[in-house]
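The values are calculated or read from the model by the stated rules, or taken from the named source; none is laboratory data. This structure is a prediction, so every number in the text was calculated from the model and none was measured. Positions of Cβ are generated from backbone atoms using ideal geometry, with glycine treated the same way; all protein chains shown enter the neighbour counts.
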Amino acid sequence: MPSRAAPTSQSPPLPAGLAREQLLEIYRFLRLTRTLEERLTALYRQSKVIGGLFRSLGQEGESVGSAYALNRGKNGDILSPLIRNLGSMLVMGAEPIAILRQYMAKAESPTRGRELNVHFNDLERGYLGQISHLGDMVPVMAGIALTFRLRGEPRVGLVYVGDGATSTGTFHERLNFAAVQKVPLVMIAEYNRWAYSTPPEKQFAVKNLADKAPGYGIPAVTVDGNDVLAVYEATRFAVERARRGHGVHFIEVKTYRRKGHAEHDDQHYVPREELDWWARENDPIERYTRQLVQSEWAEERQLKEIDERVRVEIDAATDACVDEPLPLGDSALAAVYADPPAAPRNWYRSL
């Protein structure tokens, strides 16, 4: 059992009703997210990742903090992540080896090589893979949250949208529907500065994404997305409100995308000094680490032990799957239809 930092008379009280063990668990999820993505970057550069690689560098805090506020496990809450919400999936129970297999399109990946990156589901663990990052999961999650209300289940849906998605028609139509139906839905709107390569001032006139919610009768709040505990507290409040039957709640998280849209994007449109400032002054993991140590909620030794355990875990997961085979072509129809036809190995020759 890890030792605890000895409290002093000057130590701030533990935040948001969290125990020390939970604060350390949040740290582990932050470190797990970044370490796993760093490993995926190395595999991408070795041409072992198939398709694109989408990093959440600089945004890990909002993913982990928001997901940590949900009820997890079977018959718990459901979230729908975007391509930069790997941290939220890990909080809900996604395993690093499954993420690695998925990015490398292995035969044993969650989608058996049919889809890539985080486009897969595990409803028992509580996450629903996206079909698009352009607001299209808002109607899906509004529908899921509506079933919770109609069945009288004390469950909540959480959906992530980027700043660019808040400019799409789908976002506005289904946000209005969710508000009218008073579904138990929490929306996390990520103001991360770049919608691919488009800055906010070129796509909407409001200062804050939260300014879009009151027109639909939805309460909204803007929080510092790189303060993991601030995101957790705002999300916990919204989740509990939704669970009590008060409908949709909108949370804008101000954060910053420190990598391009994907690993192939060289970010030529981003001022270098802007990237440097966010990396130097506002990294969510470094901020949380300082907060834990300076508040005497954890010791540096404990955090280094977590770092080492995470490294060993990612090493083991990589070694276990990196040389696994890709799926055979004649497996493509399995689990696509309810009663799939048997596909001969030479099926492509008869087309």
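For region 55-67, a residue qualifies if it is under 21 Å from GLU313 (Cα atoms) and surrounded by 22 or more Cβ atoms within 10 Å (Cβ to Cβ), and the qualifying residues are ARG55, SER56, GLU60, GLY61, SER63, VAL64.
Return yes or no: is ILE83 modelled with pLDDT under 95, in a loop (DSSP other than H, G, I, E, B), closer than 24 Å to LEU134 by Cβ and touching a helix residue (DSSP H, G or I) at 6+ places or on another chain (Cβ under 8 Å)? So ILE83 fails the test.
Conditions (1) modelled with pLDDT of 95 or more; (2) within 15 Å of TYR160 (Cα to Cα), marked per residue:
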| residue | (1), (2) |
| --- | --- |
| GLU173 | no, no |
| ALA179 | yes, no |
| MET187 | yes, yes |
| ARG193 | no, no |
| GLU201 | no, no |
| ALA205 | no, no |
| PRO219 | yes, no |
| THR222 | yes, yes |
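Pairs meeting the criteria (first residue in region 187-213 and under 21 Å from GLY260 (Cα atoms), second residue surrounded by fewer than 16 Cβ atoms within 10 Å (Cβ to Cβ), beta carbons under 6 Å, at least 6 apart or on different chains) are SER197/TYR269. LYS74 meets the conditions (1) surrounded by fewer than 20 Cβ atoms within 10 Å (Cβ to Cβ); (2) touching a Pro at 6+ places or on another chain (Cβ under 9 Å); (3) of a type outside the set (Phe, Trp, Tyr) in every case but one. The failed one is (2).
Looking across region 214-224 at every residue that is touching a Lys or Arg at 6+ places or on another chain (Cβ under 8 Å) and either in contact (Cβ under 8 Å) with a residue 40 or more places away in the chain or closer than 23 Å to GLN22 by Cα (or both), the one that is surrounded by the fewest Cβ atoms within 10 Å (Cβ to Cβ) is identified as ASP224. Selection within region 150-166: residues that are part of a loop (DSSP other than H, G, I, E, B) and among the small types (Gly, Ala, Ser). The member of this set that is nearest to LEU209 (Cα to Cα) is GLY164. Where helices (runs of 4 or more DSSP H) sit wholly within region 225-324, those with at least 3 residues that are surrounded by 14 or more Cβ atoms within 10 Å (Cβ to Cβ), in contact (Cβ under 8 Å) with a residue 24 or more places away in the chain and in contact with a strand residue (DSSP E or B) (Cβ under 8 Å, 6 or more places away or on another chain) occupy 228-243. Against the conditions (1) crowded, with 18+ Cβ neighbours inside 10 Å; (2) over 18 Å from THR318 (Cβ atoms); (3) in contact with a Leu (Cβ under 8 Å, 6 or more places away or on another chain), LEU32 satisfies every one except (2). Sort out which residues of region 177-205 are over 22 Å from GLN59 (Cα atoms) and of a type in the set (A, V, I, L, M), and write them in order of number. Passing the criteria: ALA178, ALA179, VAL180, VAL183, ALA205. Can you confirm whether region 124-134 contains a residue that is within 16 Å of ASN85 (Cβ to Cβ), in a helix (DSSP H, G or I) and modelled with pLDDT under 95? Among the residues of region 124-134, not one is within 16 Å of ASN85 (Cβ to Cβ), in a helix (DSSP H, G or I) and modelled with pLDDT under 95, which makes the answer no. Of the residues screened, ALA335 is not one that is modelled with pLDDT of 95 or more, exposed (fewer than 14 other Cβ atoms within 10 Å of the Cβ), within 27 Å of the chain's Cα centre (by Cα) and of a type in the set (A, V, I, L, M).
Could you say whether any residue in region 148-162 is aliphatic (A, V, I, L, M), more than 22 Å from GLY260 (Cβ to Cβ) and surrounded by fewer than 20 Cβ atoms within 10 Å (Cβ to Cβ)? Yes; the residues of region 148-162 include at least one that is aliphatic (A, V, I, L, M), more than 22 Å from GLY260 (Cβ to Cβ) and surrounded by fewer than 20 Cβ atoms within 10 Å (Cβ to Cβ). Taking region 110-139, which residues are without any contact (Cβ under 8 Å) to a residue 24 or more places away in the chain and either farther than 23 Å from VAL336 by Cβ or of a type in the set (S, T, N, Q) (or both)? Residues satisfying the conditions are THR111, ASN121, SER132. Only residues that are surrounded by fewer than 21 Cβ atoms within 10 Å (Cβ to Cβ), within 30 Å of HIS264 (Cα to Cα) and charged (D, E, K, R) were counted in region 167-202, giving 3. For region 15-60, residues that are part of a helix (DSSP H, G or I) and free of Cβ contacts under 8 Å to residues at least 60 places away in the same chain total 9.
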